[in-house]
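Everything below concerns the one structure shown next.
The values are calculated or read from the model by the stated rules, or taken from the named source; none is laboratory data. Predicted model only: the values in this text are computed from it and were never measured. Here Cβ is always computed from backbone atoms with ideal geometry, including for glycine, and neighbour counts include all displayed protein chains. Ligands, DNA and RNA are excluded from the accessible area calculation, which covers all protein heavy atoms including side chains. Shrake-Rupley method; radii C 1.70, N 1.55, O 1.52, S 1.80 Å.
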Amino acid sequence: MENALQRFLFEHVNIRGELVSLDSSWRHVLERRTYPNSVKRLLGEVTAATVLLAATIKLDGTLSIQIKGHSALQLLFAETIGSTSFRSTAKWNEHEEMNLENINLLSGGSIAVTITPKTSGQPYQGLVQVQSESIQESLENYMGQSEQLPTRLWLASNDQKASGMLLQKLPGKDNIESDDWQRINTLASTITDKELLSLDFDTILKRLFHEETVRLFDDSPLSFMCSCSEKRTDGMLQSLGEAEVRSILSEKGNVNITCEFCGKNYIYALPGIDRIFSGQSSDPIQDFHGSIN
Ligand SMILES: [Zn+2]
(Lines give C-alpha, C1' and ligand atoms only; values in the text may rest on other atoms or scores of the structure.)
Protein backbone atom coordinates (compact mmCIF):
# COMPACT_ATOMS: atom_id res chain seq x y z
CA MET A 1 0.00 0.00 0.00
CA GLU A 2 1.55 3.30 -1.10
CA ASN A 3 1.18 6.54 0.87
CA ALA A 4 -1.30 5.12 3.33
CA LEU A 5 -2.08 4.57 6.96
CA GLN A 6 -3.59 1.27 8.11
CA ARG A 7 -5.32 1.04 11.47
CA PHE A 8 -5.87 -2.35 13.08
CA LEU A 9 -7.14 -3.84 16.30
CA PHE A 10 -6.33 -7.06 18.09
CA GLU A 11 -9.62 -8.82 18.81
CA HIS A 12 -10.20 -9.90 22.43
CA VAL A 13 -7.30 -7.84 23.78
CA ASN A 14 -7.26 -4.10 24.34
CA ILE A 15 -4.51 -3.25 21.90
CA ARG A 16 -4.66 -1.23 18.73
CA GLY A 17 -2.09 -0.63 16.05
CA GLU A 18 -1.22 1.42 13.00
CA LEU A 19 1.11 0.98 10.06
CA VAL A 20 2.23 3.82 7.83
CA SER A 21 3.99 3.75 4.49
CA LEU A 22 5.06 6.98 2.80
CA ASP A 23 6.47 6.35 -0.66
CA SER A 24 6.12 8.91 -3.49
CA SER A 25 5.02 11.51 -0.92
CA TRP A 26 8.28 11.00 1.00
CA ARG A 27 10.32 11.14 -2.20
CA HIS A 28 8.58 14.44 -2.92
CA VAL A 29 10.06 15.79 0.35
CA LEU A 30 13.53 14.57 -0.67
CA GLU A 31 13.32 16.07 -4.16
CA ARG A 32 13.12 19.57 -2.70
CA ARG A 33 16.52 19.55 -0.97
CA THR A 34 19.69 17.52 -0.76
CA TYR A 35 19.69 16.29 2.82
CA PRO A 36 22.80 14.76 4.40
CA ASN A 37 22.18 11.00 4.88
CA SER A 38 21.96 11.06 8.67
CA VAL A 39 19.56 14.04 8.65
CA LYS A 40 17.47 12.37 5.95
CA ARG A 41 17.10 9.17 7.96
CA LEU A 42 15.97 11.01 11.09
CA LEU A 43 13.61 13.24 9.10
CA GLY A 44 11.96 10.14 7.60
CA GLU A 45 11.54 8.64 11.06
CA VAL A 46 10.04 11.78 12.56
CA THR A 47 7.72 12.19 9.56
CA ALA A 48 6.39 8.63 9.91
CA ALA A 49 6.03 9.12 13.68
CA THR A 50 4.05 12.34 13.23
CA VAL A 51 1.52 10.58 11.00
CA LEU A 52 1.21 7.69 13.48
CA LEU A 53 0.71 9.94 16.52
CA ALA A 54 -1.84 12.14 14.75
CA ALA A 55 -3.85 9.03 13.84
CA THR A 56 -4.07 7.89 17.47
CA ILE A 57 -5.95 11.04 18.46
CA LYS A 58 -8.22 11.23 15.40
CA LEU A 59 -6.99 14.71 14.81
CA ASP A 60 -9.01 17.56 13.38
CA GLY A 61 -6.28 20.19 13.19
CA THR A 62 -2.51 19.92 13.01
CA LEU A 63 0.04 17.90 14.94
CA SER A 64 3.70 18.73 14.63
CA ILE A 65 6.85 17.21 16.05
CA GLN A 66 9.86 19.47 16.33
CA ILE A 67 13.25 18.15 17.37
CA LYS A 68 16.22 20.28 18.30
CA GLY A 69 19.34 18.22 18.70
CA HIS A 70 23.12 18.56 18.63
CA SER A 71 24.40 21.95 17.44
CA ALA A 72 24.94 20.40 14.01
CA LEU A 73 21.24 19.53 13.77
CA GLN A 74 19.24 22.69 14.30
CA LEU A 75 15.78 21.36 13.56
CA LEU A 76 13.76 18.39 12.40
CA PHE A 77 10.15 19.38 11.78
CA ALA A 78 7.20 17.31 10.59
CA GLU A 79 3.54 18.23 10.62
CA THR A 80 0.31 16.50 9.68
CA ILE A 81 -2.83 18.29 8.73
CA GLY A 82 -6.02 16.44 9.65
CA SER A 83 -4.34 13.00 9.40
CA THR A 84 -4.49 13.07 5.60
CA SER A 85 -1.50 15.14 4.56
CA PHE A 86 1.91 15.99 5.91
CA ARG A 87 4.98 18.12 5.29
CA SER A 88 8.45 18.01 6.78
CA THR A 89 11.80 19.76 6.64
CA ALA A 90 15.15 19.96 8.45
CA LYS A 91 17.82 22.53 9.17
CA TRP A 92 21.39 21.66 9.87
CA ASN A 93 24.65 23.51 10.30
CA GLU A 94 26.35 23.50 6.93
CA HIS A 95 29.73 24.24 8.53
CA GLU A 96 29.50 20.91 10.34
CA GLU A 97 28.23 18.99 7.33
CA MET A 98 31.43 16.92 7.04
CA ASN A 99 30.90 15.59 10.55
CA LEU A 100 27.18 14.94 10.40
CA GLU A 101 27.58 11.23 9.74
CA ASN A 102 29.92 10.74 12.70
CA ILE A 103 28.05 12.34 15.57
CA ASN A 104 24.89 11.56 17.49
CA LEU A 105 22.64 14.24 16.06
CA LEU A 106 20.05 13.80 18.79
CA SER A 107 22.52 14.27 21.62
CA GLY A 108 21.19 16.58 24.35
CA GLY A 109 18.13 17.25 22.24
CA SER A 110 14.53 17.95 23.01
CA ILE A 111 11.28 16.98 21.30
CA ALA A 112 8.22 19.22 21.21
CA VAL A 113 4.85 17.81 20.17
CA THR A 114 2.31 20.53 19.33
CA ILE A 115 -1.37 19.88 18.72
CA THR A 116 -3.41 22.74 17.26
CA PRO A 117 -7.18 22.18 17.02
CA LYS A 118 -8.68 23.35 13.73
CA THR A 119 -11.46 25.46 15.12
CA SER A 120 -11.40 26.30 18.79
CA GLY A 121 -8.98 26.02 21.64
CA GLN A 122 -5.37 26.90 22.21
CA PRO A 123 -2.46 24.90 20.83
CA TYR A 124 -1.21 22.30 23.29
CA GLN A 125 2.53 21.62 23.49
CA GLY A 126 4.29 18.77 25.28
CA LEU A 127 8.06 18.64 25.68
CA VAL A 128 10.36 15.70 26.35
CA GLN A 129 14.11 15.26 26.37
CA VAL A 130 15.60 12.90 23.80
CA GLN A 131 16.11 9.50 25.41
CA SER A 132 18.62 6.86 24.48
CA GLU A 133 19.58 8.65 21.29
CA SER A 134 16.39 7.46 19.68
CA ILE A 135 13.33 9.28 18.35
CA GLN A 136 11.11 6.29 18.93
CA GLU A 137 12.02 5.78 22.58
CA SER A 138 11.62 9.48 23.29
CA LEU A 139 8.18 9.52 21.73
CA GLU A 140 7.17 6.33 23.54
CA ASN A 141 8.07 8.12 26.73
CA TYR A 142 6.09 11.20 25.66
CA MET A 143 2.99 9.13 24.82
CA GLY A 144 3.22 7.24 28.11
CA GLN A 145 3.23 10.55 29.99
CA SER A 146 0.81 12.65 27.98
CA GLU A 147 -1.75 10.09 26.86
CA GLN A 148 -1.05 7.74 29.76
CA LEU A 149 -1.37 4.88 27.32
CA PRO A 150 1.64 2.56 26.92
CA THR A 151 2.75 3.00 23.33
CA ARG A 152 5.48 1.36 21.23
CA LEU A 153 6.89 2.65 17.96
CA TRP A 154 9.04 1.22 15.20
CA LEU A 155 10.37 3.70 12.64
CA ALA A 156 12.52 3.32 9.53
CA SER A 157 13.37 5.35 6.46
CA ASN A 158 15.56 5.31 3.38
CA ASP A 159 15.72 7.18 0.04
CA GLN A 160 12.50 5.59 -1.17
CA LYS A 161 10.29 5.27 1.83
CA ALA A 162 9.46 6.36 5.38
CA SER A 163 7.60 3.71 7.35
CA GLY A 164 6.47 3.01 10.85
CA MET A 165 4.36 0.90 13.14
CA LEU A 166 2.65 1.87 16.38
CA LEU A 167 1.07 -0.30 19.06
CA GLN A 168 -0.98 1.14 21.87
CA LYS A 169 -2.47 -0.49 24.93
CA LEU A 170 -5.98 0.80 25.44
CA PRO A 171 -7.49 1.37 28.87
CA GLY A 172 -9.24 -1.62 30.42
CA LYS A 173 -8.98 -4.43 32.94
CA ASP A 174 -5.32 -5.05 33.70
CA ASN A 175 -3.34 -8.15 34.77
CA ILE A 176 -4.39 -10.57 32.06
CA GLU A 177 -4.04 -7.80 29.54
CA SER A 178 -0.48 -6.97 30.52
CA ASP A 179 0.43 -10.51 29.42
CA ASP A 180 -1.26 -9.76 26.11
CA TRP A 181 0.66 -6.50 25.82
CA GLN A 182 3.93 -8.32 26.50
CA ARG A 183 3.17 -11.06 23.99
CA ILE A 184 2.11 -8.69 21.19
CA ASN A 185 5.17 -6.52 21.85
CA THR A 186 7.50 -9.48 21.72
CA LEU A 187 6.01 -10.54 18.39
CA ALA A 188 6.15 -6.98 17.01
CA SER A 189 9.76 -6.50 18.06
CA THR A 190 10.90 -9.14 15.58
CA ILE A 191 10.22 -6.68 12.73
CA THR A 192 13.36 -5.40 11.03
CA ASP A 193 13.85 -2.00 9.38
CA LYS A 194 14.29 -3.81 6.08
CA GLU A 195 10.92 -5.55 6.45
CA LEU A 196 9.18 -2.36 7.50
CA LEU A 197 10.56 -0.65 4.39
CA SER A 198 9.91 -3.42 1.89
CA LEU A 199 6.81 -5.42 2.86
CA ASP A 200 3.17 -4.43 2.35
CA PHE A 201 0.82 -4.05 5.31
CA ASP A 202 -0.85 -7.47 4.95
CA THR A 203 2.47 -9.28 4.76
CA ILE A 204 3.82 -7.45 7.82
CA LEU A 205 0.71 -8.27 9.89
CA LYS A 206 0.72 -11.94 8.81
CA ARG A 207 4.44 -12.25 9.38
CA LEU A 208 4.24 -10.76 12.92
CA PHE A 209 0.81 -11.74 14.21
CA HIS A 210 -0.33 -14.84 12.32
CA GLU A 211 -1.58 -16.49 15.50
CA GLU A 212 -3.54 -13.45 16.63
CA THR A 213 -6.93 -12.26 15.42
CA VAL A 214 -6.33 -8.88 13.85
CA ARG A 215 -9.19 -6.73 12.56
CA LEU A 216 -8.26 -4.25 9.83
CA PHE A 217 -9.96 -0.93 9.32
CA ASP A 218 -10.10 0.84 5.96
CA ASP A 219 -6.74 2.27 5.05
CA SER A 220 -6.53 6.03 4.62
CA PRO A 221 -4.53 7.78 1.92
CA LEU A 222 -1.82 10.31 2.77
CA SER A 223 -0.17 12.94 0.63
CA PHE A 224 2.43 15.65 0.82
CA MET A 225 0.77 19.04 1.14
CA CYS A 226 2.15 22.38 2.19
CA SER A 227 0.06 24.90 4.07
CA CYS A 228 2.26 27.89 3.35
CA SER A 229 0.43 31.03 2.29
CA GLU A 230 0.96 34.71 1.68
CA LYS A 231 -0.66 35.39 5.05
CA ARG A 232 2.02 33.29 6.74
CA THR A 233 4.89 34.92 4.85
CA ASP A 234 3.38 38.31 5.75
CA GLY A 235 3.58 37.20 9.39
CA MET A 236 7.22 36.14 9.00
CA LEU A 237 8.14 39.56 7.59
CA GLN A 238 6.20 41.36 10.33
CA SER A 239 8.08 39.42 12.97
CA LEU A 240 11.39 40.35 11.32
CA GLY A 241 10.50 44.01 11.75
CA GLU A 242 9.99 46.90 9.34
CA ALA A 243 13.55 48.30 9.47
CA GLU A 244 15.15 44.94 8.63
CA VAL A 245 12.68 44.18 5.83
CA ARG A 246 13.04 47.63 4.25
CA SER A 247 16.81 47.32 4.34
CA ILE A 248 16.63 43.99 2.47
CA LEU A 249 14.24 45.60 -0.01
CA SER A 250 16.55 48.54 -0.72
CA GLU A 251 19.56 46.27 -1.02
CA LYS A 252 18.00 43.66 -3.32
CA GLY A 253 15.11 45.43 -5.03
CA ASN A 254 12.60 42.92 -3.67
CA VAL A 255 12.21 40.46 -0.81
CA ASN A 256 12.16 36.87 -1.98
CA ILE A 257 11.08 34.18 0.50
CA THR A 258 11.33 30.48 -0.28
CA CYS A 259 9.17 28.04 1.66
CA GLU A 260 11.41 25.39 3.20
CA PHE A 261 8.78 22.67 2.83
CA CYS A 262 7.57 23.00 -0.76
CA GLY A 263 10.04 25.40 -2.37
CA LYS A 264 7.36 27.93 -3.37
CA ASN A 265 8.67 31.49 -3.80
CA TYR A 266 6.93 34.53 -2.38
CA ILE A 267 8.26 37.75 -3.90
CA TYR A 268 7.51 41.10 -2.32
CA ALA A 269 8.21 44.42 -4.04
CA LEU A 270 7.63 47.84 -2.48
CA PRO A 271 3.78 47.82 -2.61
CA GLY A 272 3.65 44.45 -0.85
CA ILE A 273 6.01 45.61 1.90
CA ASP A 274 4.02 48.86 2.29
CA ARG A 275 0.84 46.80 2.70
CA ILE A 276 2.37 44.58 5.42
CA PHE A 277 3.59 47.52 7.48
CA SER A 278 0.58 49.77 6.86
CA GLY A 279 -1.08 48.36 9.95
CA GLN A 280 -3.97 46.98 7.90
CA SER A 281 -2.91 43.34 7.94
CA SER A 282 -4.81 40.90 10.10
CA ASP A 283 -3.17 39.13 13.05
CA PRO A 284 0.24 37.89 11.97
CA ILE A 285 0.83 34.15 11.83
CA GLN A 286 4.42 33.64 12.79
CA ASP A 287 4.94 29.95 12.16
CA PHE A 288 6.22 30.22 8.61
CA HIS A 289 9.39 28.24 7.91
CA GLY A 290 11.09 30.01 5.06
CA SER A 291 14.37 31.53 4.06
CA ILE A 292 15.00 34.95 2.59
CA ASN A 293 17.21 34.84 -0.48
ZN1 LIG B 1 5.18 25.67 1.21
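Observations on the structure shown:
- Considering region 170-198, the residues that are of a type in the set (A, V, I, L, M) and assigned to a loop (DSSP other than H, G, I, E, B) include one that is most open to solvent (accessible area, probe 1.4 Å), namely Leu170.
- Residue count for region 217-261, restricted to those that are among the hydroxyl-bearing types (Ser, Thr, Tyr) and near the ligand (Cβ under 10 Å from one of its atoms): 4
- Entry remark, region 128-159: residues being open to solvent by 40 Å² or more (accessible area, probe 1.4 Å), closer than 19 Å to Ala48 by Cα and under 17 Å from the mean Cα position of the chain (by Cα) number 6 in total.
- Options His95, His12; residue that is free of Cβ contacts under 8 Å to residues at least 12 places away in the same chain and either crowded, with 23+ Cβ neighbours inside 10 Å or in the same structural domain as Thr213 (by TED's automatic domain parsing) (or both): His95
- Consider region 199-249 and keep the residues that are small (Gly, Ala, Ser), part of a helix (DSSP H, G or I) and in contact (Cβ under 8 Å) with a residue 24 or more places away in the chain. The one that is least open to solvent (accessible area, probe 1.4 Å) is Gly235.
- Region 71-92, residues that are open to solvent by 10 Å² or more (accessible area, probe 1.4 Å), hydrophobic (A, V, I, L, M, F, W, C) and in contact with a Leu (Cβ under 7 Å, 6 or more places away or on another chain): Trp92
- Residues within region 253-275 that are open to solvent by less than 70 Å² (accessible area, probe 1.4 Å) and more than 32 Å from the chain's Cα centre (by Cα), tallied: 6
- Inside region 103-113, residues that are without any contact (Cβ under 8 Å) to a residue 60 or more places away in the chain and either touching a Phe, Trp or Tyr at 6+ places or on another chain (Cβ under 7 Å) or assigned to a loop (DSSP other than H, G, I, E, B) (or both) make up a count of 6.
- Residue match in region 262-271 (condition: charged (D, E, K, R), within 16 Å of the ligand (Cβ to nearest atom) and without any contact (Cβ under 8 Å) to a residue 60 or more places away in the chain): yes
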